[in-house]
Each structure stands twice: as structure tokens, then as C-alpha cells.
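The structure appears right after this line, and notes come after that.
The values are calculated or read from the model by the stated rules, or taken from the named source; none is laboratory data. In this text the structure is predicted, and so the values were computed from the model without any measurement. Methodologically, a virtual Cβ is constructed for each residue, glycine included, from the backbone with ideal geometry; neighbour enumeration extends over all protein chains shown. All accessible areas refer to the heavy atoms of the entire protein, side chains included, with ligands and DNA or RNA removed. Shrake-Rupley method; radii C 1.70, N 1.55, O 1.52, S 1.80 Å.
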Amino acid sequence: MPLVLDHFFIFVSPGFPEQDDVLFKSIDCQVARNHKGQGTENRCALFEANYLEFIWVNNDQEAAGVAGDLLKRSKWRSNGCCPFGICFRNSMKDITSESNIELYKPDYLRSGKIIELCKTALNPMYPDTFAIPLAQRPADREDLKEIDFEHPVGHLEIKIANITYPETNSSLDPEYAKSIVEKVSFTKGKSWHADLLIQTTSKEHHESVVHSTKLPVSLYLYYDKCPDEWRA
């Protein structure tokens with residue numbers, strides 16, 4: 001079963017001062033949420049098929065108590081942890097063994113939805129990796145019907161993420177990386193960085209790149225043909 005990317009997230013500073021960055025001139029953060037009981041809140045740039053989430057800790061005690069220790073992950077600038085997270089709309093059973101799954105039922109999710117955490121990725125030296133089975137595309141959700149998905153650079157969709165991880169991080173399990181390579185690839189480098197390949201409907205932004213100056217993330221925009229270097 002093909003992997004379906006629901007969203008990609010990055011930990012930002014409390015209060016999200018990074019939203020003044022050049023990156024946010026090209027995307028709109030239309031939705032904000034407080035994650036009750038998890039000690040975090042967010043702002044999200046919604047695309048039709050998935051979204052880009054910027055998340056920060058607002059309650060240290062709650063965040064430290066969540067599986068995977070979100071408080072530790074949020075301090076990536078000083079402790080070398082991975083600042084990224086990847087969520088799929090598949091079941092984690094499509095990605096890893098049942099013994100490598102931990103169930104998490106947060107207070108803030110409606111309808112009793114359960115998040116399936118990848119136990120391997122609870123190690124904060126991995127991207128936080130999980131699934132919300134049967135989650136809907138943002139454009140199909142009733143609670144988002146009033147949202148305008150048109151951004152300054154056109155309708156967008158995250159297609160592929162390439163994550164650069166520090167050469168000093170020797171713990172990245174090849175089997176873990178292989179299990180999600182359909183949507184996420186890994187490259188050794190000097191520090192954490194995410195390059196997101198994003199398809200846009202705007203011809204004038206064909207093959208343009210938006211580099212964040214405050215966060216380790218870049219958006220590679222393309223209109224119709226996936227750049228050769230991003231092909232599987």
C-alpha cells in the first residue's frame with residue numbers, strides 16, 4: 001500500500017517568533033491549535049493534500065510526559081535532538097511491525113482517534129514518526145471548509161521530504177529509514193535539515209527554492225515535472 005503523507009512538522013521556539021522569517025511570505029499559517037494534555041500548540045500551513053505544522057511547547061511538564069519526550073525534542077538547538085516529525089495517514093502496520101507500535105490517545109483528538117507511534121522513533125535522535133489511520137486530507141475535512149487553500153505560490157502539496165541528519169548520529173536504523181523511503185529519504189550531513197519537495201500549481205514558481213533563515217528547512221517548489229535529483 002503506497003504511503004500517504006498527512007503532515008510534516010518542525011519544532012519552533014515558544015510563541016513562534018520564526019513566523020517573521022522569509023519562509024512565511026510564501027505560505028499562510030491559517031490554523032492554530034492547543035494540544036490539550038500534551039503541552040504543545042501549533043500553527044499550520046494547510047495544503048490541499050497535507051500540511052506543514054510548526055509546533056512548540058507551552059507546558060514543560062506535560063510535554064516531558066508524552067511518549068518520546070516532546071520537551072527534549074523541542075530543545076534540539078542545544079541538545080542535538082531531531083526537530084522534525086512525520087505523520088502518515090496509513091496505519092503504522094503498513095510501515096513497521098506490530099511490536100514496534102505504541103498507541104496514544106490524546107485528549108485533543110476528536111472522535112476517539114488513536115495515534116499509532118513508531119517505538120523506534122520515540123528515540124529523539126529520530127524524526128518523531130507516527131500515523132493517524134483514516135485521517136482526511138485538509139481539503140476534505142468539514143471543519144476546514146471555509147479555508148482558502150490558495151497560497152502566494154499556488155496550491156501546494158508536500159510530495160517528498162529529504163532529511164539530513166548529523167554524521168555524529170550513528171543510531172539511525174537502516175530498517176527504519178528503508179520503511180518510509182517512499183516519502184522520506186535520509187542523507188548524512190553536518191546538522192539536521194529538511195528539504196521538502198512541494199508541488200505547486202503556480203507556473204511562475206517553477207523550480208524555485210525558499211530557504212528559511214531561522215529554521216533548518218527549505219521548500220523546493222516545482223510545477224509539473226519532479227526534478228531528476230528527487231526521483232526515487
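Overview of values
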item	result
Rounded to 5, the percent of DSSP beta bridges in segment 4-117 classed as antiparallel	80
For segment 99-160: rounded, prolate or oblate by the Cα gyration tensor [a/c cutoff 1.5]	oblate
Per residue, in Å², the accessible surface of the chain once ligands and nucleic acids are set aside, probe 1.4 Å	48
10 Å beta-carbon shell around Pro166, net charge (K/R +1, D/E -1)	+1
Sorted peptide list for 178-186, 85-93, 14-22, criterion being average Cβ within 10 angstrom, highest first	85-93, 178-186, 14-22
Relative contact order %, segment 54-182, counting alpha carbon pairs below 8 Å whose residues are six or more apart	21
Considering only the chain, percent of DSSP beta bridges that pair antiparallel, nearest 5	60
Listed residue pairs exceeding 21 Å between alpha carbons, taken from Lys188/Lys225; Lys25/Lys188; Lys36/Lys72	Lys188/Lys225; Lys25/Lys188
Segment 196-210 residues near the modelled Cys226 label - backbone nitrogen below 13 Å, point 7 Å along Cα→Cβ	197-199
Rg over Rh [alpha-carbon atoms, Kirkwood Rh] for segment 54-205	0.97
With every protein chain in place, the chain: carbon and sulfur % of accessible area (1.4 Å)	47
Relative contact order [Cα under 8 Å, 6+ residues apart], the chain, whole percent	19
Part-to-part distance (alpha-carbon centres) for segment 31-81 and segment 140-198, which is given in Å	16
